[in-house]
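Trainee: Would you mind keeping the following structure in view while I ask a few things?
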Amino acid sequence: GGPASLSRFRGALVAAVLGDCVGGEFEGAEEVPMESVLQHLSSLYDETKGNGILEYSDDTAMARCVVQSLLTRAGFDEQDMGRRFAKEYSASPGRGYGSGVIQVLKKLSSPQLSDVYQPARDQFNGRGSFGNGGAMRAAPFALAFPDPVDVKRFAHLGAMLTHSCSLGYNGAVLQALAVHLSLQGALDLPQQFISRLITEMEEVEGNEATRNDARILKEAEKPFCERLHRVRDLMDRSKVSIEEVISELGNGIAALHSVPTAIFCVLHCLQPRECLPENYGGVERTIAYSLALGGDTDTIACMAGAIAGAHYGIEAIPQSWIKCCEGAEDADMNAERLHMLYHQS
Ligand code: 8NA
Ligand code: MG
Ligand code: MG
């Protein structure tokens, strides 16, 4: 489809859910042979196997709250979004939330709370979380607001409800920007795509808060920019091993060690790859490759899925995958509603 077509919206929201559901199998695994990934994925095509529904985790649970809040309020409302996170957590606490963020979610349910951003600021002795929990639910911001200024602003504020460290919320801004650009068709020119992300993040990271957090955590002055340059270097190489990707970009629960990684997965899988079945389309390649990196597989596949889905569209997603993933059909319906909201504003 053309820029910001319905197919791209549906692809983004549905593939994010698939990445989360399918990736749960390998979450936290240190090494994941591609053979195991392909075996896991092959069972999804076989509807006769009836291997039950793959459940979604915190990634999708929180993204659903973001979507519902944006749709109900027809824009960003931090009180409403915070309340939805808290309510969702108390209704299903067993979705695999990070161990720190649980404190925030409990405090967010207090009726006495006067500043909805305060619980997040209190995390980790006042330094805030740098986990990828803000980034994993950032895609819907790109689907609600056509103007990149709004995408950046609201992805930042939406992440701040749980992640007040710049290495956390800037990961959410980067993820939302990647989905925004992909939705416009920017992945047709991969070199320009990565250059535009670097240019945007130069500005996003060009402030005192980022410099300060980066210094404390002994990272480069503009941590995400530095990682995006590594992504560009890896893109330019004809052969890259999984081990190199992990050591250059990471596969962990920090936003810095997973958002650039997810972006790389999408870029690397724009073309067929030797290690992946020839009959795989782009979304299948991207999700399979993300899982083979190990580590925080559900979240990396969820973020890569959103970016890839916005590029290839819903037609690239196998129906049989949608049928075995909890929440995938809901995501498809919500994508249509977000598409309307996006084109209204
Ligand atoms: P979070 O805010 O609790 O952060 C995740 C973890 O990162 C924390 O529990 C800490 O260990 C560490 N951390 C974050 N900020 C700091 C800091 N300033 N100082 C020291 N340590 C820090 O949770 P989240 O919402 O960011 O979740 C991140 C990931 O954890 C998600 O992928 C989610 O799925 C979850 N998770 C991951 C695994 C896994 O094995 N990869 C397992 C269960 C849950
Ligand atoms: Mg998860
Ligand atoms: Mg995870």
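The values are calculated or read from the model by the stated rules, or taken from the named source; none is laboratory data. Bear in mind that the values here come from a model prediction, so they are computed numbers and not experimental data. Here the Cβ is made from the backbone with ideal geometry for all residues, glycine too, and neighbour counts use every protein chain on show.
Trainee: Could you please give the count of residues in segment 86-117 that are more than 16 Å from ligand 3 (Cβ to nearest atom) and either of a type in the set (Phe, Trp, Tyr) or in contact (Cβ under 8 Å) with a residue 40 or more places away in the chain (or both)?
Mentor: The number of residues fulfilling the criteria is 4.
Trainee: Can you confirm whether segment 65-79 contains a residue that is within 16 Å of ligand 2 (Cβ to nearest atom) and buried (at least 17 other Cβ atoms within 10 Å of the Cβ)?
Mentor: yes
Trainee: If you don't mind, another one. Any chance you could count how many residues in segment 175-191 are over 15 Å from the mean Cα position of the chain (by Cα) and in a helix (DSSP H, G or I)?
Mentor: 5
Trainee: Related question: Out of segment 89-120, which residues are surrounded by fewer than 19 Cβ atoms within 10 Å (Cβ to Cβ) and not in a loop (DSSP other than H, G, I, E, B)?
Mentor: Correct list: 90, 91, 102, 103, 106, 107, 118.
Trainee: Next up: Looking only at segment 258-280, which residues are touching a residue at least 12 places away in the same chain (Cβ under 8 Å) and either charged (D, E, K, R) or in a helix (DSSP H, G or I) (or both)?
Mentor: Residues satisfying the conditions are 259, 260, 261, 262, 263, 264, 265, 266, 267, 268, 273.
Trainee: A further question on this structure: Of the conditions (1) within 13 Å of ligand 1 (Cβ to nearest atom); (2) of a type in the set (Gly, Ala, Ser); (3) in contact with a Lys or Arg (Cβ under 9 Å, 6 or more places away or on another chain); (4) outside any helix (DSSP H, G or I), residue 172 clears all except one; give me its number.
Mentor: Single failed check for residue 172: (4).
Trainee: Based on what the data block shows, is residue 35 assigned to a helix (DSSP H, G or I), buried (at least 16 other Cβ atoms within 10 Å of the Cβ) and acidic (Asp, Glu)?
Mentor: no
Trainee: Let me ask you something else. Can we say residue 273 is within 18 Å of residue 12 (Cβ to Cβ), basic (Lys, Arg) and more than 16 Å from ligand 2 (Cβ to nearest atom)? Walk me through it before giving the result.
Mentor: Working: within 18 Å of residue 12 (Cβ to Cβ): no; basic (Lys, Arg): yes; more than 16 Å from ligand 2 (Cβ to nearest atom): yes.
It is false that residue 273 is within 18 Å of residue 12 (Cβ to Cβ), basic (Lys, Arg) and more than 16 Å from ligand 2 (Cβ to nearest atom).
Trainee: Let me ask another. In segment 231-256, which residues are surrounded by 15 or more Cβ atoms within 10 Å (Cβ to Cβ), part of a helix (DSSP H, G or I) and not β-branched (Val, Ile, Thr)?
Mentor: Hits for segment 231-256 are 232, 234, 235, 248, 249, 255, 256.
Trainee: Give all pairs with beta carbons closer than 7 Å in which a residue from segment 139-162 that is within 12 Å of residue 75 (Cβ to Cβ) meets a residue that is part of a helix (DSSP H, G or I) and modelled with pLDDT under 95; count only pairs at least 6 apart in sequence or on separate chains.
Mentor: Partner pairs satisfying both residue conditions: none exist.
Trainee: Looking at (1) surrounded by fewer than 20 Cβ atoms within 10 Å (Cβ to Cβ); (2) outside any helix (DSSP H, G or I), which is the only condition residue 164 fails?
Mentor: (1)
Trainee: Here's another thing I want to ask about it. Looking at (1) in a helix (DSSP H, G or I); (2) within 16 Å of ligand 1 (Cβ to nearest atom); (3) within 18 Å of residue 334 (Cβ to Cβ), which is the only condition residue 71 fails?
Mentor: (2)
Trainee: Of the residues 124, 76, 130, which is over 30 Å from residue 337 (Cα atoms) and in contact with a helix residue (DSSP H, G or I) (Cβ under 6 Å, 6 or more places away or on another chain)?
Mentor: Answer to the check: 130.
Trainee: While we're on this one: Report the residue count in segment 121-153 for those that are surrounded by 16 or more Cβ atoms within 10 Å (Cβ to Cβ), among the small types (Gly, Ala, Ser) and either assigned to a loop (DSSP other than H, G, I, E, B) or away from ligand 3 (no atom under 16 Å from the Cβ) (or both).
Mentor: 7
Trainee: Quick check on residue 103: is it away from ligand 2 (no atom under 16 Å from the Cβ), out of contact with any Ser or Thr (no Cβ under 7 Å at 6 or more places or on another chain) and either more than 29 Å from residue 335 (Cα to Cα) or at pLDDT 95 or above (or both)?
Mentor: yes
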